[in-house]
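Read through the structure below, which is laid out as C-alpha cells, and then see the notes.
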Amino acid sequence: MTDIQVLPFLVSELRLPADEQELLELRVVLGLSAHDVGALLDCSPGAVRMAQHRALGRLRSMMAGGVPRGAIMPCHWVTT
C-alpha cells in the first residue's frame, strides 16, 4: 500500500467524524486545493485549511494512542 492508499483506510478505521473524513479525502487523497474544497463545502479556503489542520491533529492523536479496539490492522502493523 502506498501512503495515498493508507490514508483513507486510517481515516475510516480510526473513526474520524464524517466531515473530517470527507475533508481529508478531498484535500489529501484527491489533491484538491483549499479553494476548490471550500467551493464544494460552502466555506472559505481558510476554514478548509484550519479544519484540515484539526483533522490531521486528531488523526495523529488517535494513531499515537494505538489502533482502536475492533479496527482491522494492515499486515505490516502486526508485530510478532
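What does the charge count around Ala55 come to, taking other residues whose C-beta lies under 13 Å from its C-beta (Lys +1, Arg +1, Asp -1, Glu -1)?
Taking every other residue near Ala55 into account, the sum is +2.
What distance in nm separates the simple spin-label points at His35 and Ala18, each placed 7 Å from Cα in the Cβ direction?
Distance between label points: 3.0 nm.
Under a plain spin-label model, where a point goes 7 Å from the Cα along Cα-to-Cβ, how far apart in nm are His53 and Glu25?
2.5
Since every read-out is calculated from the coordinates, none of them should be taken as a lab result. This one's a predicted model, so the numbers in the text were calculated from it and none came from an experiment. Reconstructed Cβ throughout: ideal geometry from the backbone, glycine too, with neighbour counts over all protein chains shown.
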